[in-house]
Amino acid sequence: MGETINHKKERETVAKWLDLKSLSLNKGNASFAYLKVLKEGLNRNSINSFIKHSNLTLKQVAKLIHVSERTLQRYSPDRSIDINSSERLIELTRLFHKGINVFNEKEKFIIWLDRPNKSLANSKPIDLIETSIGIDLVMDELLRIEHGVFS
């Protein structure tokens, strides 16, 4: 039961943070819901919304989703972004959702992201989340913190 609630909350965060008013993410398997979103496409408004909620800069987000800052600046609000960048944006939103829940505060999570972490080979988590593997490493570390297992 607890896992269902967590998935629902995560989907609500993804919908809110990516400005997905018209899409229903509350039904069925979360992965299928995200796949549906990817097929329909995210747009520049989703990026703007993520920036607003995450407190990251356009430059940081551009780097994390592998699009040049200049290209993002030229996108019109309703222009679709490619499926790879869209997928990264969903992954990042899910990571932020988890991190904020683990630290119980967005500001604390943002600070943690920007500090070297021994468990992550003294890397800053923000520097690792440019790749899916890096997101997995950071997510694993968040799960360890959540369960009180410190390396």
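So the values come out like this:
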{"quantity": "Test: residue in region 17-33 that is among the small types (Gly, Ala, Ser), assigned to a helix (DSSP H, G or I) and either surrounded by 14 or more Cβ atoms within 10 Å (Cβ to Cβ) or modelled with pLDDT of 90 or more (or both)", "calculated": "yes"}
{"quantity": "Residues that are under 17 Å from residue 50 (Cα atoms) and buried (at least 17 other Cβ atoms within 10 Å of the Cβ), drawn from region 95-116", "calculated": "95, 96, 97, 98, 99, 100, 109, 110, 113"}
{"quantity": "Condition check for residue 72: surrounded by 18 or more Cβ atoms within 10 Å (Cβ to Cβ), at pLDDT below 95 and part of a helix (DSSP H, G or I)", "calculated": "yes"}
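The values are calculated or read from the model by the stated rules, or taken from the named source; none is laboratory data. All of these numbers come straight from a predicted model, not from anything done at the bench. Methodologically, a virtual Cβ is constructed for each residue, glycine included, from the backbone with ideal geometry; neighbour enumeration extends over all protein chains shown.
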